[in-house]
Number of protein chains: 2
Amino acid sequence: MRMSGLAEATGVPVATLKYYLREGLLHAGRATSRTQAEYDNSHVERVRLVRALTEVGGLSLATVGRVLAVIEEPNLERTEVLGAAQRSLLGVDRVAIPPRDVEEPWAQSRTHAWLAGRGWLVDPRDPVVEDLDRAWSACDAAGIGLDEARMDAYADAAEQIAVIDVDSVPPEPQAAVRQVVLGTVLVDPVLAALRRLAQQHTAVSREVSAQG
Amino acid sequence: MRMSGLAEATGVPVATLKYYLREGLLHAGRATSRTQAEYDNSHVERVRLVRALTEVGGLSLATVGRVLAVIEEPNLERTEVLGAAQRSLLGVDRVAIPPRDVEEPWAQSRTHAWLAGRGWLVDPRDPVVEDLDRAWSACDAAGIGLDEARMDAYADAAEQIAVIDVDSVPPEPQAAVRQVVLGTVLVDPVLAALRRLAQQHTAVSREVSAQG
């Protein structure tokens, strides 16, 4: 199909498609003349993926570019998949972190102390730990009263979710990368919606049983 | 304190504070002269809350305005709290929805069919249901393979989270509104970070036990 056909198939304006091409988010079509190119189903799928990541996943186009680069990296070891996926989303180009010295005192913050108590096998210098620290502080600033006990209760549920996530990763490295990267971004909005619906269900169930 | 003091206490530039005042996100200070006003700790807290909602919660200033309006609404019944909170976040000014006719066929989409099977006490016309439908479709577009069984597994975890959420809502209506509204927005990033750390922990634990 021509670019106009690609625009029609995806609902994305030609000007935006041209922008994706310039930014490397969309691979070039097969040139049929000096000014024309032919696009196929792989282009339709790629455009849909970019839209899903930006509109549902809420990613910036810069982050989408990093995510796509990770998905297309052919030489990623299976053990590197999760780290590469999470880094692509954080926008952090981390250098290899040396193994943690277990003697090192790392309970610098409440978040570090809580993580140490939890016994999770994560690197305390991981940028996601900073994310958690910032998010927890924001809850404090808003007076939400998120204490360690409630954090542990949320962490139990997060472990349950993580097991589902990790179980769904296929054995082939390429497919694994795709699953981890896209699953991390695109399942977050699913979980946010499920949480709100489950809140409604829980609140209504209690009202009903209180009245009944 | 003067506005310059408020800027120093919060780390937010004076120009931004003036913008918050104009938009009604920050209440006026006590006028001490025709061009000067005095600000207090309530202003510091409000500015921190606005920053937490925009920077950590990722809300637009327009949504922050609606969230603050709900928090300050004095005449909200306890049973209306959850709906008002969720609407303020969605930016939907819903009119009262008539009670659902149980005879009405509402399995128009896979999401509706799945919800009906799940038995959650939620209104199928709730905008959050559309959010879930859109997020699920985005997962399909990306080829993530999120089927009904996996959705049910995520929903089990979401129920666990919702029980923690609902248990943390205090009895006084004003405090309840604050908890529900801010807890919904600001705990999402906490849960997203916990999910990523739990993924790492789960993946590393499995590697360790596979090697050991």
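When region A:135-157 is filtered for residues that are assigned to a helix (DSSP H, G or I), at the interface with chain B (Cβ under 7 Å from one of its Cβ atoms) and at pLDDT below 95, the ones remaining, listed by number, are A:ALA135, A:TRP136, A:ALA138, A:CYS139, A:ALA141. Annotation: of all residues in region B:162-184 being of a type in the set (A, V, I, L, M, F, W, C) and closer than 13 Å to A:GLY143 by Cα, the one that is farthest from the other protein chains (Cβ to nearest Cβ) is B:VAL177. Of note, B:VAL208 does not satisfy the criterion of being under 30 Å from A:VAL177 (Cβ atoms), touching a helix residue (DSSP H, G or I) at 6+ places or on another chain (Cβ under 9 Å) and either hydroxyl-bearing (Ser, Thr, Tyr) or within 8 Å of chain A (Cβ to nearest Cβ) (or both).
Filtered by the rule that a residue be surrounded by fewer than 15 Cβ atoms within 10 Å (Cβ to Cβ) and part of a helix (DSSP H, G or I), region B:17-41 gives B:LYS18, B:TYR19, B:ARG22, B:GLU23, B:ASN41.
Applying the selection to region B:112-121, what residues are closer than 21 Å to B:ASP147 by Cα and at the interface with chain A (Cβ under 7 Å from one of its Cβ atoms)? Show your work before the answer.
The initial filter retains those residues of region B:112-121 that are closer than 21 Å to B:ASP147 by Cα, namely B:112-120.
Scanning region B:112-121 gives a single hit, B:TRP120.
Which of the residues spanning region B:42-66 are in a helix (DSSP H, G or I) and among the small types (Gly, Ala, Ser)? Listed by number, the residues that qualify are B:SER42, B:ALA52, B:ALA62, B:GLY65.
The values are calculated or read from the model by the stated rules, or taken from the named source; none is laboratory data. For clarity, every value in this text was computed on a predicted model and none was experimentally measured. All Cβ positions, glycine included, derive from the backbone under ideal geometry; neighbour counts span all protein chains shown.
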